[in-house]
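Colleague: This is the structure I have questions about; it appears just below.
The values are calculated or read from the model by the stated rules, or taken from the named source; none is laboratory data. Quantities reported herein were computed from a predicted structural model and do not represent experimental measurements. With ideal geometry, Cβ positions are generated from the backbone for all residues, glycine too; neighbour counts draw on all protein chains shown.
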Amino acid sequence: MQKPIKSGPELIEEIDRTLSVTPTLWWLGHAGFVVRFATITFYIDPCLSDLAGRTRRMAAPLAAADIRHADMIFATHAHPGHLDAPSVPFSKSAEARNWCCRKARPIPRTRPGFPTPA
């Protein structure tokens with residue numbers, strides 16, 4: 001398994017310090033990315049846990065519990081590699097908004113902080 005170049009607090013600090021007029025991306029492995037644009041930080045398909053039956057090619061650069069700076073979290077669809085239940089509600093970011101595509105409707109709406117567009 002490959003190791004990320006930066007990980008943990010060092011990566012979070014780099015993301016937080018990045019202020020750019022164009023979007024900046026960090027790959028989280030599989031289909032996951034962190035995008036920073038101006039002062040907004042959002043996560044797309046954050047799959048940070050090790051799921052049974054899935055082999056990671058790269059170690060997750062972040063632990064879900066360490067992320068406190070997410071403004072938005074997007075899941076493109078309800079496949080475990082894109083909507084990773086242990087990672088999505090990771091957010092200790094009280095202000096984070098979580099969004100899923102329409103096909104992810106089977107996710108219970110009772111999960112706090114996890115609205116699904118109507």
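Colleague: Which number in (1) surrounded by 12 or more Cβ atoms within 10 Å (Cβ to Cβ); (2) farther than 15 Å from Asp71 by Cα marks the one condition that Tyr43 misses?
Modeller: (2)
Colleague: Can you tell me which residue within the stretch 25-36, out of those that are assigned to a strand (DSSP E or B) and surrounded by 16 or more Cβ atoms within 10 Å (Cβ to Cβ), is modelled with the lowest pLDDT? So that I can check it myself, show each step before the final result.
Modeller: Residues of the stretch 25-36 that are assigned to a strand (DSSP E or B), as a first pass: 25-29, 32-36.
Filter once more, keeping what is surrounded by 16 or more Cβ atoms within 10 Å (Cβ to Cβ): 26, 28-29, 32-36.
Numbers: Trp26: 95, Leu28: 90, Gly29: 86, Gly32: 89, Phe33: 93, Val34: 94, Val35: 96, Arg36: 95.
By that ranking, first place goes to Gly29.
Colleague: Just for the stretch 64-91: of the residues that are modelled with pLDDT of 80 or more, assigned to a loop (DSSP other than H, G, I, E, B) and in contact with a helix residue (DSSP H, G or I) (Cβ under 7 Å, 6 or more places away or on another chain), which one is nearest to Ile5 (Cα to Cα)?
Modeller: Out of the qualifying residues, it is Ile67.
Colleague: Tell me yes or no: at least one residue of the stretch 2-25 is in contact (Cβ under 8 Å) with a residue 12 or more places away in the chain and either under 15 Å from Pro86 (Cα atoms) or of a type in the set (Phe, Trp, Tyr) (or both).
Modeller: For the stretch 2-25, residues in contact (Cβ under 8 Å) with a residue 12 or more places away in the chain and either under 15 Å from Pro86 (Cα atoms) or of a type in the set (Phe, Trp, Tyr) (or both): absent.
Colleague: Filter the stretch 11-24 down to the residues that are closer than 14 Å to Asp66 by Cβ and exposed (fewer than 11 other Cβ atoms within 10 Å of the Cβ) and list them by number.
Modeller: Of all residues in the stretch 11-24, those closer than 14 Å to Asp66 by Cβ come to 11-16.
Passing the criteria: none in range.
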